[in-house]
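The values are calculated or read from the model by the stated rules, or taken from the named source; none is laboratory data. If you're wondering where the values come from, they're calculated on a predicted model, not measured in any experiment. Cβ placement follows ideal geometry from the backbone for every residue including glycine, while neighbour counts extend to all protein chains displayed.
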Amino acid sequence: MLKTHHLSAAAAITLALALSACASKPKPQPVATAPQAPAEAPGWDDSRPTLPQSAEALSLQQQLAAAAGDRVFFALDSHTLSDDARAVLAAQAQWLIRNPGVRVMVAGNCDERGTREYNFALGARRASSARDFLVAQGVAAARLQTVSYGKERPIDAGASEDAWSRNRNAGSVVIDLAPL
């Protein structure tokens with residue numbers, strides 16, 4: 001009887017350890033700063049510019065956000081620009097034309113639903129849609145770069161339609177000052 005009790009205790013401990021190893025991962029926290037590409041992102045090239053490092057670039061980011069907004073939003077599974085998104089991008093284009101020395105990276109983002117690969121591709125299409133609109137408005141293509149973060153950099157870690165709708169976006173980030 002004592003031997004059976006020891007075996008039952010050992011089995012219970014083993015079961016508890018096995019179950020604790022299967023615990024789910026915590027949800028990612030929202031990103032409070034402009035996104036950075038994960039090192040493992042498909043197609044990520046370390047030679048691409050990084051986020052603004054100078055106080056001047058950060059000040060320009062704040063100016064862009066105040067004058068025009070720095071993010072546009074998309075419908076589920078879409079990279080089509082809404083009328084609201086076009087209005088924001090038109091204002092961004094005007095700001096960029098008035099500030100010809102500024103270079104911008106447009107980062108495409110998705111909500112957490114869908115596969116990682118699908119969301120990287122959709123994020124790239126969203127960033128390209130925003131970039132193409134800015135170019136059509138007269139911003140030099142050489143001043144614009146794109147990157148997709150897929151679902152890797154949510155701005156809202158929630159799991160509701162409101163959170164997901166905030167994460168379906170393309171954000172414009174001042175990366176540096178271009179030579180004039």
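Which count do you get for residues in region 104-156 that are of a type outside the set (Gly, Ala, Ser) and farther than 19 Å from Ala90 by Cα? Please lay out each step first, then the result.
Just the residues of region 104-156 that are of a type outside the set (Gly, Ala, Ser), to begin with: 104-106, 109-113, 115-120, 122, 125-126, 131-135, 137, 139, 143-147, 149, 151-156.
Filter once more, so that each one left must be farther than 19 Å from Ala90 by Cα: 109-113, 115-120, 122, 147, 149, 151-156.
Qualifying residue count, region 104-156: 20.
Yes/no matrix, rows are residues, columns are (1) on the phi > 0 side of the Ramachandran plot; (2) touching a residue at least 60 places away in the same chain (Cβ under 8 Å):
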{"site": "Asp70", "(1), (2)": "no, yes"}
{"site": "Asp77", "(1), (2)": "yes, no"}
{"site": "Leu96", "(1), (2)": "no, no"}
{"site": "Asn99", "(1), (2)": "no, no"}
{"site": "Val104", "(1), (2)": "no, yes"}
{"site": "Arg125", "(1), (2)": "no, no"}
Legend entry - Filter result (more than 22 Å from Asp84 (Cα to Cα) and of a type in the set (Phe, Trp, Tyr)) within region 130-180: Tyr149
Legend entry - Enumerated strands (runs of 3 or more DSSP E) restricted to region 69-180, each holding at least 2 residues that are small (Gly, Ala, Ser) and surrounded by 17 or more Cβ atoms within 10 Å (Cβ to Cβ): 102-109, 144-150, 169-177
Inset, instruction - Go through (1) in contact (Cβ under 8 Å) with a residue 40 or more places away in the chain; (2) within 23 Å of Gln63 (Cα to Cα); (3) out of contact with any Gly (no Cβ under 6 Å at 6 or more places or on another chain) and name the single condition Gly108 misses. - result: (3)
Inset, instruction - Would you mind stating whether Thr50 is hydroxyl-bearing (Ser, Thr, Tyr), modelled with pLDDT under 95 and either part of a strand (DSSP E or B) or closer than 18 Å to Leu177 by Cα (or both)? - result: yes
Legend entry - Filter result (among the aliphatic types (A, V, I, L, M) and touching a Pro at 6+ places or on another chain (Cβ under 6 Å)) within region 91-138: Ala107
